[in-house]
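Notes for the one structure printed next.
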Amino acid sequence: MTTSAATDDASPVPAVAGRLGDGSTTLPLTAVEIEAEICGMVATTTVRQTYRNTHAVGIEATYIFPLPDRAGVTAFTADLAGRRVEGELRERGEARREYDEAVTAGQRAAIAEEERSGVFTTRVGNLQAGEDAVITLTVTGPLAVDDGVAEFRFPLVVAPRYIAGQPGDWLPVGAGTAPDTDAVPDASRITPPVLLPGLDSPVRLALRARLSGLGLTPDAIASSLHAVAATAGSDGAVTVALYPGERLNRDVVLRFPAAGEVTAAIAAMAPDDEDPTSGTWQVTVVPPAAGPDAAPGRDVVVVLDRSGSMGGWKMVAARRAAARVIDSLTARDRFAVLAFDTVIEHPLGLSSLALATDRTRWAAVEWLARLEARGGTEMLAPLRDAAVALAGAGTRGAGPDEDARDRFLILVTDGQVGAEDQILATVAPIAGDTRIFTLGIDRAVNAGFLRRLAAAGAGRCDLVESEDRLDEVMTSLHRRISPPVVTGLRVESATAGWDLVAGESAPVRDPDLFPGTPCTLSGRWRATASPADVTLTVVGDGGFREQVTVTAAPPDRAVRTCWARARVRELEDRYAAGTGDAELADQIVAVSLRHGVLSRFTAFVAVDRTRRADAGGLPLPVVQPVEMPSGWAAAAAPAPAPRPASRRGRAHAVQVRSASRRHMASGPQAASGMGNDASAPVPSFEPPAPRPSPRPAGPGSGAGGHVDAGGAPTAYALRVKELFESIEACLAASTDRGSVAAAADELADDLASIGSPEPLVKALRELAGALRYSATPRPELATARKAFADAVVPPPPGRARGHEWWRAPGSGSNVRSV
């Protein structure tokens, strides 16, 4: 389904024109600094955003950005033109009114709001010419732990999302580029404009993480997407930092061994600051070594996203992942596989659950190998069809073991959709006892949505940011698409006078324990007196029972924050699914305000009431464009259509040499948002026409590794040549080398994902490092040029020319030679 840009009778307010770097139109966000303190399996992170107004008039800067989806925002501070103001957490409507009134009155103000799990907006109003503002957020959340490895993941960019549904005739609720629709009523709040390709990064990024109390050495920490420097301190802590020049276009991912060899449940108990007879408890349960007996059979439906955003290495990885799931099935299992973009397709003769024989599995894997990325991400229909098929599998009388079969729905996607709430509200009620596993493949994955969907189906979410990571994740997934080792986990108090508060546990649904993955439960407690030692009992179906004794400790803000964030998220999911009562929103606000954790129904607001800005009217709105995510393609598309005027009678967005487009529309589609140049191309994610092109758009554009009829090299070969040209120009002009180094790293990742010759991939990685850290990178450039020349297959005997270059991405066959 595609949608057109929303239109309105009101005339759009003209956008400010200009090019990045003009004195009157420089983008406001100049720096993002991230400092993380990792202690145990909890990370407390401080995020500082620096804004500068280089316009001649006052501005209101808007920035749509991501944060870890499982973390809670607990503090907000605004330094507005040299005056520090502590933010206050209020009900969202009240906070917005306070902010708008302050801006209208000429006061400097800032507000932070949560749009989705993991997507936030900051606005800074009445920042005058030449003034700076520094916004500081404090974020606390748990680390993911799987198979003894802990992961710290920090997202840096909100990727473009496919917006389903039809635009309404109402005014937009946000400053983004997509119109609000009946399926995504807040689309304009989650779709930031996107910088045009090729621009230098306008934002300086710095990230430093300090890991203490874990007994680690610097070489124990791995970074999968960024080059990092790790150093050990005298106190035993390890500090990890990104090298300068990195861009905000992919997640930061650090992995390291989890502390200790924990073999039993561990617990924490934190009394409240204001009342030591109440507090928060937390128990982490480690899976036992022995699993359950094998089930008589499984029903598995694999749902593969083949939309335009999955192009390049992501499509290769997604096909491999789906094929490996199917290959792991046995003759006792039944399966179905389908792929979707704007339509749903499946292998011929495999439209419903079929026994996993050698023939059916081979047919499915062979069909998967031919899939390429295209079209839009219409995810609701295929998930609904898969859930209905699995929920009804037990009613078709396929055998005496029907009721004993475990049912699994496995979604392989980047998760870049806007209709998250609509999908959850539809799929969760019909999933029944089907377990939903999500496999997120992207360097800027929508982890918040994929974790929410997996939680609704009592399953797991795994994230893959590179093909190197895929094999490791698939090994774990194979063990999990089987009966869990323990089901129905819950915690009970074994101490008199110390009671767990009913209805306030997280998760609300009794979770299951899967191999290799600890499970954390938490909740609230009350006691008749301030407790000392208490005993908790973890029980599960089938006789699982484990006791743990915990001593009351000084108030631990992290324990309380992690529980409050998990509790708020579950209440928000119930609200989005329409299953809660009329007072559910009030419950969310109450938990958020009492425990100081931001939610979708609250907001932090900071107002400097001590002075007025020297303004001659309302400030000029400027929306900060974001980077195109690493690994995504961008091609020419129609100019954006005008947006309606805002409620405040002014433009919602000023896009300084930036543009955005509705995510993955399946045909030509005008983008929403106000452009500054009607002739400028905007990002697009549709595959190009089937006609071979001598200059394809690159991986993910559909060109793949095709060779045209004139003997032109593949799209990847063109990218290598263009990279060399860019590096030569950079070295000749003695300009900053950060962007070409990042391009070399990205191209090396893409070439590795399609099985390119290892010497070329290695040479490109070494070239990227030399560009960053060597004064004379020309020897590495020469080595890379030679590796590229060696990768080109020479013409066969008797042929005038034959520019055949390794293999087409994921096709399993050589590219066509000429």
What number of residues within the stretch 347-395 are open to solvent by less than 30 Å² (accessible area, probe 1.4 Å), part of a loop (DSSP other than H, G, I, E, B) and either free of Cβ contacts under 8 Å to residues at least 12 places away in the same chain or within 22 Å of residue 419 (Cα to Cα) (or both)?
6
Could you list, in sequence order, the residues of the stretch 219-261 that are assigned to a strand (DSSP E or B), among the small types (Gly, Ala, Ser) and closer than 29 Å to residue 192 by Cβ?
223, 241
Which count do you get for residues in the stretch 233-280 that are modelled with pLDDT of 90 or more, surrounded by fewer than 18 Cβ atoms within 10 Å (Cβ to Cβ) and among the hydrophobic types (A, V, I, L, M, F, W, C)?
2
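How about the stretch 527-546: which of its residues are closer than 28 Å to residue 276 by Cα and exposed (fewer than 14 other Cβ atoms within 10 Å of the Cβ)?
Our first condition is that a residue be closer than 28 Å to residue 276 by Cα; within the stretch 527-546, this holds for 527-539, 546.
If the condition is that a residue be closer than 28 Å to residue 276 by Cα and exposed (fewer than 14 other Cβ atoms within 10 Å of the Cβ), then 528, 529, 530, 532, 533 are the ones that fit.
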Could you grab me the full set of residues in the stretch 462-502 that are in a loop (DSSP other than H, G, I, E, B), open to solvent by 50 Å² or more (accessible area, probe 1.4 Å) and modelled with pLDDT of 90 or more?
502
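For the stretch 548-559, indicate whether the set of residues that are assigned to a helix (DSSP H, G or I) and not basic (Lys, Arg) is non-empty. Lay out the reasoning, then the answer.
Applying the first criterion (assigned to a helix (DSSP H, G or I)) to the stretch 548-559 yields 557-559.
From what's left, not basic (Lys, Arg): 558-559.
Among the residues of the stretch 548-559, at least one is assigned to a helix (DSSP H, G or I) and not basic (Lys, Arg), which makes the answer yes.
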Having 3 or more residues that are loosely packed, with under 14 Cβ neighbours inside 10 Å and modelled with pLDDT of 75 or more is the bar; report the helices (runs of 4 or more DSSP H) wholly within the stretch 687-802 that clear it.
715-733, 778-791
Would the stretch 118-138 turn up any residue that is open to solvent by less than 20 Å² (accessible area, probe 1.4 Å), touching a residue at least 40 places away in the same chain (Cβ under 8 Å), of a type in the set (Gly, Ala, Ser) and touching a helix residue (DSSP H, G or I) at 6+ places or on another chain (Cβ under 9 Å)?
yes
Which one of these is out of contact with any Gly (no Cβ under 6 Å at 6 or more places or on another chain), assigned to a helix (DSSP H, G or I), hydroxyl-bearing (Ser, Thr, Tyr) and modelled with pLDDT of 90 or more: 592, 599?
592
Could you please give the count of residues in the stretch 457-506 that are touching a Leu at 6+ places or on another chain (Cβ under 6 Å) and of a type in the set (Gly, Ala, Ser)?
1
Read through the list (1) open to solvent by less than 10 Å² (accessible area, probe 1.4 Å); (2) more than 20 Å from the chain's Cα centre (by Cα), then give the number of the only condition that residue 167 fails.
(1)
The one condition residue 236 fails out of (1) touching a residue at least 40 places away in the same chain (Cβ under 8 Å); (2) farther than 26 Å from residue 26 by Cβ is (1)
Which of the residues belonging to the stretch 430-460 are in contact with a helix residue (DSSP H, G or I) (Cβ under 7 Å, 6 or more places away or on another chain), open to solvent by 20 Å² or more (accessible area, probe 1.4 Å) and not β-branched (Val, Ile, Thr)?
432, 456, 460
Those residues that are of a type in the set (A, V, I, L, M, F, W, C), over 27 Å from residue 436 (Cα atoms) and in contact with a Phe, Trp or Tyr (Cβ under 9 Å, 6 or more places away or on another chain), I need them from the stretch 490-528; list them, please.
498, 500, 501, 525, 527
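From 555, 511, 515, which residue is touching a residue at least 12 places away in the same chain (Cβ under 8 Å), surrounded by 19 or more Cβ atoms within 10 Å (Cβ to Cβ) and either farther than 30 Å from residue 104 by Cβ or under 24 Å from the mean Cα position of the chain (by Cα) (or both)? Walk me through how you get there before you give the answer.
On the way: 555 fails: surrounded by 19 or more Cβ atoms within 10 Å (Cβ to Cβ); 515 fails: surrounded by 19 or more Cβ atoms within 10 Å (Cβ to Cβ).
Selected residue: 511, the only one of 555, 511, 515 that is touching a residue at least 12 places away in the same chain (Cβ under 8 Å), surrounded by 19 or more Cβ atoms within 10 Å (Cβ to Cβ) and either farther than 30 Å from residue 104 by Cβ or under 24 Å from the mean Cα position of the chain (by Cα) (or both).
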Every residue from the stretch 30-66 that is of a type in the set (Ser, Thr, Tyr), surrounded by fewer than 19 Cβ atoms within 10 Å (Cβ to Cβ) and within 26 Å of residue 128 (Cβ to Cβ)
30, 50, 54
Only one residue in 626, 607, 597, 622 is over 24 Å from the mean Cα position of the chain (by Cα), crowded, with 21+ Cβ neighbours inside 10 Å and over 15 Å from residue 59 (Cβ atoms), so which one is that?
607
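For the subset of the stretch 177-186 comprising residues that are among the β-branched types (Val, Ile, Thr) and assigned to a loop (DSSP other than H, G, I, E, B), which member is farthest from residue 160 (Cα to Cα)?
Restricting attention to the stretch 177-186, the residues satisfying the condition of being among the β-branched types (Val, Ile, Thr) are 177, 181, 184.
Okay, now just the ones that are also assigned to a loop (DSSP other than H, G, I, E, B), so 177, 184.
Details: 177: 10, 184: 14 Å.
By that ranking, first place goes to 184.
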Using the structure shown, decide if residue 208 is open to solvent by 30 Å² or more (accessible area, probe 1.4 Å) and closer than 30 Å to residue 232 by Cβ.
yes
Please find, within the stretch 187-218, the residue that is modelled with the lowest pLDDT out of those that are in a strand (DSSP E or B) and hydrophobic (A, V, I, L, M, F, W, C).
195
What do you reckon, is residue 174 touching a helix residue (DSSP H, G or I) at 6+ places or on another chain (Cβ under 7 Å) and not in a strand (DSSP E or B)?
yes
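Any chance the stretch 523-535 includes a residue that's modelled with pLDDT under 85 and of a type in the set (Asp, Glu)?
Taking the stretch 523-535 first, the residues modelled with pLDDT under 85 are 529-533.
Of the ones still in play, those that are also of a type in the set (Asp, Glu) are 533.
Scanning the stretch 523-535 turns up at least one residue that is modelled with pLDDT under 85 and of a type in the set (Asp, Glu).
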Output the residues belonging to the stretch 170-185 that are open to solvent by less than 30 Å² (accessible area, probe 1.4 Å) and among the acidic types (Asp, Glu).
180
For the stretch 78-105 the number of residues that are of a type outside the set (Asp, Glu), touching a strand residue (DSSP E or B) at 6+ places or on another chain (Cβ under 8 Å) and either open to solvent by less than 10 Å² (accessible area, probe 1.4 Å) or in a helix (DSSP H, G or I) (or both) is 8
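The values are calculated or read from the model by the stated rules, or taken from the named source; none is laboratory data. Just so it is clear, the structure is predicted and the values come from calculations on it, not from any experiment. FYI the Cβ positions are ideal-geometry reconstructions off the backbone, even for glycines, and counts take in every protein chain you see. Surface areas here come from the heavy atoms of the whole protein model, side chains and all, with no ligands, DNA or RNA. Shrake-Rupley method; radii C 1.70, N 1.55, O 1.52, S 1.80 Å.
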